[in-house]
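Inspection log for the structure reproduced underneath, given as structure tokens.
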Amino acid sequence: DEGQDIPPRSLDVLRRFLRPGGRLVWLEDPEQNLYGHDPVALPEAVELQLEQCFRSPRQILEYLTMLVPVGRQLVSANPFEGEAPEFHVVNPAQLPDKLAERVELLLEKGVNPADIAIVSLRSVRNSALQSVETIGGQRLSTFTNHYSSDGQQIWTEGDLLLDSIYRFKGSQKPFVFLVDVDADNIDQGMIRRLYCGMTRATVGVELFMTPRFESALRARLQPAP
């Protein structure tokens, strides 16, 4: 799984674990290739392409395909309409307060903090939230960059998840807040991070973008004269 994150040289290593006569099933989504690896060549493989997206509600997919050009057709196989994505323009210094406002709104609606993820499109170390410990009265749970003696990740204790898109990309939550949405222009790398982030939400997603990213997005959406 997540074959797009495995460099081609690792395929030879993986094949060493196959039993004689064993078969390899390779699953990947090129649109989630955040590390820029070259595609793995599987010349003798039987290829099956699936366009259906089962996780994302229809409204999220509609907004995603409207905002950025995803490299393949996305067909919603989720019967749930979902909630229309929310977009907020905030400077990094304003981000904690704006997040607190949105988190508190969900909590008032009865949403459990465990059903919310704050996902940075950067690493958490480089996030505008890197020194923040609580949002909306909820302690943040973040990866400490340390491991236990048996190799398990060690996280801080908290009720509200803060993670990077690079680690969270294989997970999902009902509500996802994408933060550190910042760039002068929307290149292929940013498109893939937006695709990964928005499709992690099973109910609703909100983007917290800087003013300069809003300008880049408006320029992309405006038709050429």
(request) Would you mind checking the tilt of helix 95-108 against the longest principal axis of the Cα atoms of the chain, expressed as 0 to 90 degrees and rounded to 10? (result) 90
(message) Given the whole protein assembly as supplied and a 1.4 Å probe, what does the accessible area of Ser149 come to in Å², nearest 10?
(response) 130
(request) For region 185-200 and region 26-63, write down the distance between their C-alpha centroids in whole Å. (result) 14
(request) Please calculate how many Å² of accessible area region 112-191 carries per residue, with a 1.4 Å probe and no DNA, RNA or ligand atoms counted. (result) 48
(message) With +1 assigned to the C-beta of every Lys and Arg and -1 to the C-beta of every Asp and Glu, and no other charges, what is the dipole magnitude of region 1-60 about the Cα centre in debye, to the nearest 20?
(response) 300
(request) Work from the charge dipole of region 1-60 (Cβ charges, +1 for Lys and Arg, -1 for Asp and Glu, about the Cα centre) and give the residue of Gln49, Leu11, Ile60 farthest towards its positive end. (result) Leu11
(request) Note the angle between two axes, namely the Cα long axis of helix 58-67 and the longest principal axis of the Cα atoms of the chain, as a number of degrees from 0 to 90, rounded to the nearest 10. (result) 90
(message) In whole Å, what are the extents of region 166-225 along the principal axes defined by its C-alpha atoms, from largest to smallest?
(response) 40, 20, 18
(message) I'd like the accessible area for Phe208, computed on protein heavy atoms only with a 1.4 Å probe and all protein chains in place. Round to 10 Å², please.
(response) 0
(request) Give me the percent of DSSP beta bridges within the chain that run antiparallel, rounded to the nearest 5. (result) 20
(message) Please return the longest range in the chain lying between exposed loop sites, taking GluC sites (Glu not before Pro), DSSP loop only, at most 14 other beta-carbon atoms within 10 Å, and leaving the sites out.
(response) 158-225
(request) Enumerate the aspartates and glutamates that Lys109 could reach by cross-link, defined here as Cα to Cα under 20 Å, with residues fewer than 8 away along the same chain left out. (result) Glu81, Glu83, Glu86, Asp97, Glu101, Asp159, Glu206
(message) Can you give me the distance in nm between label points at Arg125 and Asp1, each placed 7 Å from the Cα along the Cα-to-Cβ direction?
(response) 2.7
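Ordering Leu18, Leu27, Leu95 from largest to smallest accessible area (1.4 angstrom probe), what's the sequence?
Result of the area sort, largest leading: Leu27, Leu18, Leu95.
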(request) In nm, give the distance between the simple-model label positions of Leu105 and His37, each being 7 Å from the Cα along the Cα-to-Cβ direction. (result) 3.8
(message) Can you give me the C-alpha center-to-center distance between region 91-136 and region 67-82, rounded to a whole angstrom?
(response) 26
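From the helices alone, meaning DSSP H stretches of at least four residues, give me the mean residue ellipticity at 222 nm for the chain, per-run term -39500 (n - 2.57), in deg cm²/dmol to the nearest 500.
-7500 deg cm²/dmol
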(message) At 1.4 Å probe size, with the rest of the protein present, what percent of the exposed accessible area of the chain is carbon and sulfur atoms?
(response) 48
(message) Just to be sure I understand the model, the point goes 7 Å from the Cα along the line to the Cβ. What's the resulting Asp159 to Arg220 distance in nm?
(response) 3.5
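The values are calculated or read from the model by the stated rules, or taken from the named source; none is laboratory data. This structure is a prediction, so every number in the text was calculated from the model and none was measured. Positions of Cβ are generated from backbone atoms using ideal geometry, with glycine treated the same way; all protein chains shown enter the neighbour counts. Please note that ligands, DNA and RNA were not included when accessible areas were found on the heavy atoms of the full protein model with its side chains. Shrake-Rupley method; radii C 1.70, N 1.55, O 1.52, S 1.80 Å.
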